Amino acid sequence: MLISDEYKFVFLAPTKTGTRSIYHLLKKHYNGYEYQDHGKIIPEKFHNYFTFINKRCPYERAASAYWFSCQRRDDRFKYQQKFEKMKIENNFRNFLKIAGSLFTSTQWSYHVNNRIDAILDIEFLERDFNRLPFITDQLEIVKSNQTNLVDGRNKYFSDKPPSIQIIDTESAKVVERIWADDFENLRYTHKEW
């Protein structure tokens, strides 16, 4: 989470919902500081602050988690090693089988014990961000999460293949099961793959 005492806000940051792009803006323009990076419970001393959170379609979030975790040259989370050790193919379906709590935590779990004043939809992130009550100047949101592909080419986050290219019917059902709370409570609908 990111907090600004000057502007009296708390930004809750579920993983793979555009949090780094927002962190960058809030630190640069609104004196935000990181507090429990992806923490889920707002400490009592900040309960009177304006609270907001990002949300992202669970299919897109899962595909982004796979891309971020399994297609990067640095293998930050060691998934490529896990695939090799288990002698299974590095693909989205297998990622869902071995992904730990780092990426399987629901977005809804950030809402359960907190008062949320605004939800920013990543599909409309710039619009929603610029509607926050403390925003004084309309800001452009630059996607700040760069991804390095396995083959060594440098590409930016937006150059990832669309989720439709890596999600099939079986993996979509797994996403729907793992993130059922997000589909129900954040009003996302199931898609046909």
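Results, tabulated for the structure shown:
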item: Label-point separation, Ser105 to Glu123 (7 Å along Cα→Cβ), nm; result: 2.5 nm
item: HN-Hα J in Hz across region 16-21 - Karplus 6.51, -1.76, 1.60, θ = phi - 60°, x for Gly and Pro; result: 6, 10, x, 5, 5, 4
item: Hits among aspartates and glutamates - C-alpha to C-alpha of Lys97 under 12 Å, sequence gap 8 or more where chains match; result: Glu89, Glu170
item: Rough spin-label spacing in nm, given labels placed 7 Å along Cα→Cβ, for Ile88 and Ala180; result: 2.1 nm
item: Cβ charges +1 (Lys, Arg) and -1 (Asp, Glu), total dipole of the chain, debye; result: 520 debye
item: Under 16 Å from the Cα of Lys55 - lysines, other chains or at least 8 residues apart; result: Lys16, Lys40, Lys143
item: Prolate/oblate/rounded label for region 1-81 (Cα gyration tensor, a/c 1.5); result: prolate
item: Rounded to 10°, Cα long-axis angle of helix 169-178 versus longest principal axis of the chain; result: 40 degrees
item: Extreme residue, positive dipole direction of the chain, given options Phe50, Tyr33, Ala62 (C-beta unit charges); result: Ala62
item: In Hz, Karplus ³J(HN,Hα) per residue of region 54-71 (6.51, -1.76, 1.60; θ = phi - 60°; x = Gly, Pro); result: 8, 9, 9, 3, x, 5, 5, 5, 5, 5, 5, 4, 4, 4, 4, 8, 10, 10
item: Sequence-distant residues sharing a close amide H with Ile135 (under 5 Å, placed H); result: none
item: Accessible surface of the chain [probe 1.4 Å, protein heavy atoms]: carbon and sulfur percent; result: 48 percent
item: The chain, helix-only ellipticity at 222 nm - DSSP H runs n ≥ 4, -39,500 (n - 2.57), divided by all residues, nearest 500; result: -9000 deg cm²/dmol
item: Pairwise FRET efficiency - Arg187 versus Ile98, Cβ, R0 = 30 Å, nearest 0.05; result: 0.55
item: Mean Cβ count within 10 Å, highest first, over the residues of peptides 64-72, 163-171, 3-11, 133-141; result: 64-72, 3-11, 163-171, 133-141
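The values are calculated or read from the model by the stated rules, or taken from the named source; none is laboratory data. Everything numeric here is computed off the predicted structure, so don't read it as measured data. Note that we place each Cβ from the backbone using ideal geometry, even for glycine, and neighbour counts take in every protein chain shown. When the accessible area is computed, the model is the full protein with side chains, heavy atoms only, and any ligands, DNA or RNA have been set aside. Shrake-Rupley method; radii C 1.70, N 1.55, O 1.52, S 1.80 Å.
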